[in-house]
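What follows is a set of notes on a single structure, which appears directly below.
Every read-out reported here was derived from the displayed coordinates using simple, explicitly stated rules and does not represent laboratory data. Quick caveat: nothing in here was measured; it's all calculated off a predicted structure. Every residue, glycine among them, receives a Cβ derived from its backbone with ideal geometry; neighbour counts consider all protein chains shown.
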Amino acid sequence: MTTPTDPDQPSPEARLEPGTAPWRERLHEIIFEADTLAGKAFDIALLIAIALSVIAIMLESVVSIEKTWGHQLRMFEWTITILFTVEYLLRLLSVRSPWRYATSFFGIVDLIAIAPTFIDLFAAPEAFSTQGLMMIRTLRLIRVFRIFKLHQYVNESQALLYALRATRRKISVFLLVVLTMVLILGSTMYMLEGKQPDSSFTSIPKSVYWAVVTMTTVGYGDIAPQTPLGQAIAAIAMILGYAIIVVPTGIFSVEIIMAQNREFTTRACPDCSREGHDIDALYCKHCSAKL
């Protein structure tokens, strides 16, 4: 007697795209997801390698350590780079659309994580240092929230991303208003203070710099108005700086509260490899591919 299937849930055969080999689906499950023992073991090993690589890069920047252990650190760096290169190729091989993964955020991070070591082969040592680019590997540690199945942290991180996407237009308008204000304040202060003896407001760009420092309440103190009118405008700029802080905070807080009611999973799309899908999602909300 056969058990009736739920018409809303695709069968295992339906989840496979035409021409997709079972080994590719298995490889995708291990590399991109952490629901299985093999997937979790792979990701934990990857995180350990990333952490050790970052530590090695930091140690190599210390002159005394580099003189003593420089050769060993470079050999270790090459070993890690080769492993990361193999991992990157396996990621491209395991997804249905390699180009989508390659151009995604983590796809670019994975590429930048291995590129500096190869660049060192062709670039002169004194040309530039690639250690700064190698440190971008730390971004890959973000996967720790998915790997250890810390469900509350997965939901919180996805809620933050959701709120950022929902508020990007409002925040963009807010930043445009702030930019307009600092341009007006900077130009005004240049007109008032620029002709004063020993004035620090020697140009409009430098005056705009003062306006940014003042409105953000940083207050380096390297530039200060001398005239009473200039000081009055500076006081207004300081008050405005405190007043506008609440605007992006309020906008973002509302979206965070709304995002708290949403639940996300750690499933990765086989096409674009992006995560953060709803619990009952059957298709990727980013590329519409079947999950």
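Quick notes on this structure:
- Candidate lysines - alpha carbon under 16 Å from K40, same-chain residues fewer than 8 apart omitted: K149
- Among the chymotrypsin sites (Phe, Trp or Tyr not before Pro) in region 149-240, those located in a DSSP loop and surrounded by at most 10 other Cβ atoms within 10 Å of their own Cβ are Y220.
- Placing a pseudo-label 7 Å from each Cα along the Cα-to-Cβ vector at I65 and S253 gives an inter-label distance of 4.2 nm.
- Computed from the C-beta positions of A102 and V246 and an R0 of 30 Å, the FRET efficiency is 0.15 to the nearest 0.05.
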